[in-house]
Amino acid sequence: MSLDLVRVDDRLIHGQVVVGWGRELKPDLLVLADDDVAANDWEQDLYRVGVPDGMEVEFVSVAGAARSIDGWANATKRTIVLVSNIDSLARLCEAAPAIRRVNLGGVHSQGERHQCLEYLFLDDTEAEQLRALAGRGIEITAQDLPTTTPIALAELLG
């Protein structure tokens, strides 16, 4: 399977993704699945700056990513898909049953979120969305870098 990583990270393209995960997984394609960024050429240009030479980047809506997941999963290109929030992840997984594993990266403090890990904050709605995805058989772990030990959702949420 060439869908090497589906990751939630509110910073989207940044050092941990392109250096940390990129060195480990050696992706050919980085997909940023975000409705706002997909509609904003200026933001896309900003994110392109962080993408290393030799790595392609695509900007798509969450619905567009859902339509393309099967193709990425069956392609020869190694692919990382990034979404910025749990709601987008839930919509993506609902529409794309091929997603079987999800990585929770940087989801930072905001509003009613409570701290689960140093880099992971969730509110009650987000926690319930993740539990629902796990209930459908999706493996969900938190891991900021590939060199750290993944932490299972059950351990995070108790």
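Structural remarks
- Ranked by how many other Cβ atoms sit within 10 Å of their own Cβ, fewest first, the residues Thr79, Thr149, Thr125 fall in the order Thr149, Thr125, Thr79.
- Mean ellipticity per residue at 222 nm, deg cm²/dmol - from DSSP H runs of n ≥ 4 across the chain, formula -39500 (n - 2.57): -9500 deg cm²/dmol
- Cα-based Rg of the stretch 3-157 normalised by 2.2 N^0.38 Å, two decimals: 0.97
- Each residue in Ser84, Ser109 was given a count of other beta-carbon atoms within 10 angstrom of its own, and listing them fewest first yields Ser109, Ser84.
- Principal-axis tilt of helix 124-135 within the chain, Cα atoms, nearest 10 degrees: 80
- Relative contact order for the chain, counting Cα pairs under 8 Å that sit 6 or more residues apart, in percent: 28
No lab work stands behind these numbers, since they all come straight from the coordinates. What you are looking at is a predicted structure, and each value in this text was computed from that prediction instead of being measured. All Cβ positions, glycine included, derive from the backbone under ideal geometry; neighbour counts span all protein chains shown.
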